[in-house]
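Below is one structure; the comments refer to it alone.
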Amino acid sequence: MADGRLSYREEVLRLLLDKARPRFGDCELQFTGLVPQARAFSELENGRLDLCAAMTDVDRERRAVPVRYCLYRGLLGLRVGLGLPETVKRLESVDSLEALRAVRLGLVQDWPDYAIQRAAGLQVVRLANVSSGVARLRLGGFDLLPVGAVEADDVALEFELAKVWRWGLIYPTAFYFFVSPQQPQLAERLKHGFEVALHDGSFDALFGRFVEPTLHAMRVSQRQLFKFPNPLLPSATPLGRAELWHPLLGRLQPSV
């Protein structure tokens, strides 16, 4: 498996494998470390990697098997801007789509968010990765790095960046485990584990312990949110299963 930024992802994986054990038996985990997303999907497709965790899009679901249960219950589509303190102070006043389109955003080129935000008509600077992107941010190459609200605290702390508090972006998306096409039984194991964990409440408990405190700290319900479509969202996304998505998404009133 390609490791993710947050230990939460590993905890979810361990939970699903545990819940699936009575039906599928034991399964050994071996983490490969951080792998760029484009490379991860290439290795999934070729069978050199069994599993990774990533945001979905049409191309990714063509190349690997999606386990269509969003680890973050749709909340990675809610993006918070990070930047230098003086820039964040200046941009807190953004309150219209016109003003937002004057802000230069930096996104890693192989993230689906890059294409989603460009399609929305926003100014998006292409980054190779987060670390080199933050270096460009400090040199004035762009204004804000928009990251998921559920991981904004971690990223801001790691790179000593300030957070925008008054507004954010939102678009529908999902963050899944993806499995190599050569490992169909692993995909079935994870699907079964997720159904069991949803039914017995253990996934909700894990989500509440790891994710809800960060969500609360980001004051999501108090923000002005700019809503955009996601042209990369696959039609098979299970938007009709309300239990898979966070209730907050239905209560928010985006601005556009």
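The values are calculated or read from the model by the stated rules, or taken from the named source; none is laboratory data. It should be emphasised that the depicted structure is a prediction, and the values quoted were computed from it without experimental measurement. In this analysis, Cβ positions are derived from the backbone assuming ideal geometry, glycine residues included, and neighbour counts consider all displayed protein chains.
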* Structure fact -> Among Gly193, Gly208, the single one that is assigned by TED's automatic domain parsing to the domain that holds Cys70 and touching a helix residue (DSSP H, G or I) at 6+ places or on another chain (Cβ under 6 Å) is Gly193
* Output the number of residues of segment 185-211 satisfying the condition of being within 19 Å of Asn46 (Cα to Cα) and either hydroxyl-bearing (Ser, Thr, Tyr) or in contact with a strand residue (DSSP E or B) (Cβ under 7 Å, 6 or more places away or on another chain) (or both). => 2
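Condition first: in contact with a helix residue (DSSP H, G or I) (Cβ under 8 Å, 6 or more places away or on another chain) and surrounded by fewer than 18 Cβ atoms within 10 Å (Cβ to Cβ). Can you find one or more residues in segment 88-103 that meet it?
So the first thing to find is which residues in segment 88-103 are in contact with a helix residue (DSSP H, G or I) (Cβ under 8 Å, 6 or more places away or on another chain), and the list is 93-94, 103.
Those left that are additionally surrounded by fewer than 18 Cβ atoms within 10 Å (Cβ to Cβ): 93.
Yes, there is a match, as at least one residue in segment 88-103 is in contact with a helix residue (DSSP H, G or I) (Cβ under 8 Å, 6 or more places away or on another chain) and surrounded by fewer than 18 Cβ atoms within 10 Å (Cβ to Cβ).
Can you spot a residue in segment 83-103 that is of a type in the set (Asp, Glu) and free of Cβ contacts under 8 Å to residues at least 40 places away in the same chain? So that I can check it myself, show each step before the final result.
Let us first name the residues in segment 83-103 that are of a type in the set (Asp, Glu), namely 86, 92, 95, 98.
Now drop any that are not free of Cβ contacts under 8 Å to residues at least 40 places away in the same chain, which leaves 86, 98.
Yes.
Basic (Lys, Arg) and either within 28 Å of Leu239 (Cβ to Cβ) or touching a Gly at 6+ places or on another chain (Cβ under 9 Å) (or both): is that true of Arg48 in this structure? Talk me through it step by step, then tell me what you get.
On the way: basic (Lys, Arg): yes; either within 28 Å of Leu239 (Cβ to Cβ) or touching a Gly at 6+ places or on another chain (Cβ under 9 Å) (or both): no.
No.
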* Asked: Do you know which of the residues in segment 168-215 that are surrounded by 21 or more Cβ atoms within 10 Å (Cβ to Cβ) and either of a type in the set (S, T, N, Q) or at positive phi (or both) is nearest to the chain's Cα centre (by Cα)?
  -> Thr173
* Return only the number of the condition from (1) in the same structural domain as Pro247 (by TED's automatic domain parsing); (2) outside any helix (DSSP H, G or I); (3) in contact with a strand residue (DSSP E or B) (Cβ under 9 Å, 6 or more places away or on another chain) that Arg48 does not satisfy. => (3)
* Structure fact -> Picking from Arg62, Arg39, Arg48, the residue that is modelled with pLDDT under 95, exposed (fewer than 15 other Cβ atoms within 10 Å of the Cβ), of a type in the set (Lys, Arg) and under 23 Å from the mean Cα position of the chain (by Cα) would be Arg39
* Asked: Applying the selection to segment 65-87, what residues are surrounded by fewer than 18 Cβ atoms within 10 Å (Cβ to Cβ) and not in a loop (DSSP other than H, G, I, E, B)?
  -> Pro85, Glu86
* To do: Would you check which residues across segment 88-136 are within 20 Å of Asp154 (Cα to Cα) and touching a Gly at 6+ places or on another chain (Cβ under 6 Å) and list them?
  => Gly106, Leu127, Gly133
* For residues that are modelled with pLDDT under 95 and part of a loop (DSSP other than H, G, I, E, B), tally how many sit in segment 127-170. => 5
